[in-house]
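Novice: Handing you a structure now.
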C-alpha cells in the first residue's frame, strides 16, 4: 500500500465520520464545525485527484461561503431554538432505503477494473477553455438559476412595507 | 504519477449519498436538512471529479466542468433554502419541520 | 455557423428574458402596479408563443421561416457534442409550456393593482417559463437537469411569494425539501451514467448504449434518474408532497405547477428514456405502421415505467374519491393524470407519443383552467370544500359551465379534448399489442373510476339546493375584495378561463390541426432520436 492509498483511506474515513457526526450531534453550532471539516476534507480529496482548481473552489465556496451562510442562518434563528429537538424516531423505512442504496452501489463495485488506474491531471487553462467554449451553455443556465435564486431570496427576507 | 483504485471512490460516494439521504429523511430541523442535502450533493460532485480523473476517453474534462457548475448550483440552493427558513422563522418563530403542520388535515 | 441560425431559434427565450429584466427594472424604478407588470408579462409570453408557433409552421411570425416544419429536426447544433438540439416535438412542448404560462399571466392581470409581490411573481414566472423552454431543447443530461433547476428554483419561491401567509411559506418549505431530494437523486444518477459512458451527451450515450461495460452502474444510474424525475412528475410513490404543495400554494401558482412545470419532468422522461435506447433497438424492433421504428425501452425500464403508470393512476384516483376539499381533489386528480401520460412513454411508439403529448396539452387546459377558476371564485365567497360549491352552476352560469366543461374533459367525455387524447393513447396501447393492452385496460377502468368524483362535483354544482347562499366569512371576504369586472372574476381571468374552455371544446370537435402537428413531431422524434 503506497502513500496515496493511505492518504485516501484516511480522508475517506474522516469524510464519512464528519458527515455522520454533523447530522447526529446535539448542538447546532457543533454541526457547523463538523460540516466545515467535511468540506475541507473533500477539498483535500480533490487535490489528491490532481484537480487543484476544484479543490480551491471547494475551499472557497463550500468551506467558506456555504459554511458562513449556514452559521448566519443559525445565528438569526437561534433566538428561539438553541439546539435541534431530540432526534425524532429514525423510521425503519429511510434507514432501509439508505442501506439498500449503499448495498446496490457496493454490488456495482465488482464491475470496475480491480487494479489501480492512473489519475489524469487536467490543465486549469483547458478547463476554463471548455467552460467558456463547448460547455458555455451550462454556465448560462447556472447564471439563470442564480439570478432567480438571488431575486427571490432577497424578496423573501426583505423587511418591507406590504 | 498518482494511481488509486477506482472502486474505493465509488464506495465513498455511495456512503456519503446514503448518509445524506438518511439525514434528509430523518432530521426535523431545516438547517440540518439543508446540510444533509449538501452532503449528498458533495457525493455527486465527488463522482464527477473522480470519473473525470480516471476517464480514458477524451471527454473527461467535461466531468470537471460539471463539478464547477454544480458547486455554484449547490451554493445557490443553500441560499434559497436559507431565505425560506428566515421567512418562515419570522412568521412562526420555529424552523422545526414537524411543527409546520398547518397544511395537514 | 452564422449569427442568425445560432441565435434565431432562441428568440422566444430571449423575449422571455427581456420581459423578466424589464419587470425587475420597473420594480427598481418603483413602477409596481399590477396592470403594467402583467401587461409586460403577457406581451412577452404572447410574442414568444407566436414565435414558437411560427417555427412550427402556424402563422407568419417565424425566425426559421426559411425552413419547412420537418427541417427543424435537422437544424445544425453547436459543437461536436451539442448540449442542445432543436426537434419539432421540442417546439410542440415549448408551445404547450407557453400556453400554460399565458393562462396564468392573463389570469393574474385581474389581481388588485397594489398587490404586494407582483414584480417578483411575474419575474419568477417568466424565468421559470424560460427554463421550461430550455428543457424542451436539451440533448445533454446536465443541460437537461440544470434547465429543470431553472424551473424548480423559481417554483419554490413562487409557492412562497405570499411571504406573510404561513400556509404559503410552509408549502414552499415542503416543496424545497422534496425538490432538493429530487435534484440530488437525478444528478447522482447522471453522475453514474457519466461514469459508465464517459459523457453526459445523450447522442453519445445512444451510440454507446449497446457496448457499455458496466450494466449494474447503468441500471443504477437510470434508477436514480427515474426516482429523481418521478418526484417532479408526482408519480406514486413519490407523490405525497404534491397535494400539500398545490393546496398550500396560491391557486394561480398551483395552476402553473400542475398545468406547466410538472410537464417538464415528462418531457425529460421522453428525452432520457426514449432517445438513448431508440437507435440501438430500431433495427431489431422493426418498422411500425406509422413510419418510425417501434421503440424497445428494454424490458426492465419498460416494465418499471408501466407499473409506475398503473399504480399512479389508481392511487391518484382512489385518493381523489375520498377528498372533501376542491383543491386537494384536483391535486389528486392531477397525480392520476400523470399516470396516463406515462403510458405513452412506456409504449414508446409514435402514436403513443402523440397520445401522451396531446394528453399533456389537454391537461394544461383542463387542470390549469380548473385551478384558475378555483383561484377566482375564492373572492366570490366560496369556501375550500366541495360542498361550498352548492348551486354554483345555477348562480354563475358562465363560470359554472366552463368549470363543468373542464371536469368533463378530465373525465374523458366525448366532444372534449380529454376524450381525443385518451382515445389516441389507449388505441395506441392496443395496437402495440403484448402486455401493453393491459395498460389500456387499466387506463379505461381508471377513467370509469374517475367519473365518480367529477360527477359528484357536477351534482353539487347543479342539483344540490344552495344552502344559505354564502358563508359568513365568505361574504366578508367578498365584500372586502375590490369590485372586479366580468362578474367579480376580473376581465383577465375571465379571458383566460374562456380561452381554456374554448380550446377544450374546439380541439375536441376539430382535433385535426393540433393532432396532425403533434403526430408529425412525434414521428420525427421516434425516427430521429433525441
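Throughout, read-outs are computed from the coordinates displayed, never taken from laboratory work. Just so you know, these numbers come straight off a predicted model, no measurement behind them. We place every Cβ from the backbone using ideal geometry, glycine too, and count neighbours over all the protein chains shown.
Novice: Sort C:233, C:40 by Cβ crowding within 10 Å, fewest neighbours at the top.
Specialist: Working: C:233 26, C:40 21.
By the 10 Å Cβ count, ascending, the order reads C:40, C:233.
Novice: Multiply the residue separation of residue A:132 and residue A:68 by 0.36 nm, subtract the distance between their alpha-carbon atoms, and state the gained length in nm to one decimal.
Specialist: Working: separation 64, 0.36 × 64 = 23.04 nm, distance 2.90 nm.
In short, 20.1 nm is gained.
Novice: Take A:102, C:86 and order them by how many other Cβ atoms sit within 10 Å, fewest up front.
Specialist: Numbers: A:102 19, C:86 23.
Fewest-to-most ranking of A:102, C:86: A:102, C:86.
Novice: Using only atoms on other chains, find how many Cβ atoms lie within 10 Å of each Cβ of peptide A:13-20 and report the average. Intermediate values should be presented prior to the final figure.
Specialist: Working: counts 1, 0, 9, 6, 0, 2, 14, 6.
Taking all residues of A:13-20 together, the mean is 5.
Novice: If you count, for every residue in C:170-183, the Cβ atoms of partner chains within 10 Å of its Cβ, what is the mean?
Specialist: For peptide C:170-183, the averaged partner shielding equals 6.
Novice: Mean separation of Cα pairs under 8 Å and 6+ residues apart, divided by the residue count of the range C:92-204: what relative contact order is that in percent?
Specialist: Working: 95 pairs, mean separation 27.4, N = 113.
Computed over the range C:92-204, the figure is 24 percent.
Novice: What is the calculated FRET efficiency for residue A:96 to residue C:14, with r their C-beta to C-beta distance and R₀ = 51 Å, to the nearest 0.05? List each step's numbers first, then the result.
Specialist: Numbers: r = 48 Å, r/R0 = 0.95.
Efficiency, rounded to the nearest 0.05: 0.60.
Novice: Sorting check: for C:244-250, A:149-155, which peptide has the highest mean count of neighbouring beta carbons within 10 Å, and how do the rest follow?
Specialist: On the way: C:244-250: 25.3, A:149-155: 20.7.
Ranked from most to least packed, the peptides come out as C:244-250, A:149-155.
Novice: Calculated FRET efficiency, residue C:164 and residue A:2, Cβ-Cβ r, R0 60 Å, to nearest 0.05? Provide the component values of the computation, followed by the final result.
Specialist: Details: r = 61 Å, r/R0 = 1.01.
It comes out at approximately 0.50.
Novice: Ignore the peptide's own chain and count Cβ atoms of other chains within 10 Å of each Cβ in C:190-203; give me the average, rounded. Show your work: numbers first, answer last.
Specialist: Values: counts 5, 15, 8, 1, 10, 14, 3, 3, 11, 7, 6, 2, 0, 0.
Mean inter-chain Cβ contacts per residue within 10 Å come to 6.
Novice: To make sure I understand, if each residue's beta carbon is the centre and we count other beta carbons within 10 Å, what order do C:14, C:386, C:518 fall in, fewest to most?
Specialist: Details: C:14 14, C:386 19, C:518 27.
Ordered from fewest to most neighbouring Cβ atoms within 10 Å, C:14, C:386, C:518 come out as C:14, C:386, C:518.
Novice: Can you work out the FRET efficiency for the pair residue C:491 and residue A:103, with r the C-beta to C-beta distance and R0 = 35 Å, to the nearest 0.05? Don't skip to the answer; put the middle values down first.
Specialist: Numbers: r = 59 Å, r/R0 = 1.70.
The value I calculate is 0.05.
Novice: Let me ask something additional. How do the peptides C:237-243, A:65-71 rank, highest first, by the average count of neighbouring beta carbon atoms within 10 Å per residue?
Specialist: On the way: C:237-243: 20.1, A:65-71: 18.3.
Most protected by this proxy first, the peptides run C:237-243, A:65-71.
Novice: Need one number: nm distance between label points at residue C:114 and residue B:91, each 7 Å from Cα along Cα→Cβ, rounded to one decimal.
Specialist: Result: 2.3 nm between the two label points.
Novice: Going by Cα centres, the range B:25-87 and the range C:107-142 are how many Å apart?
Specialist: Each part reduced to its Cα centre gives a spacing of 25 Å.
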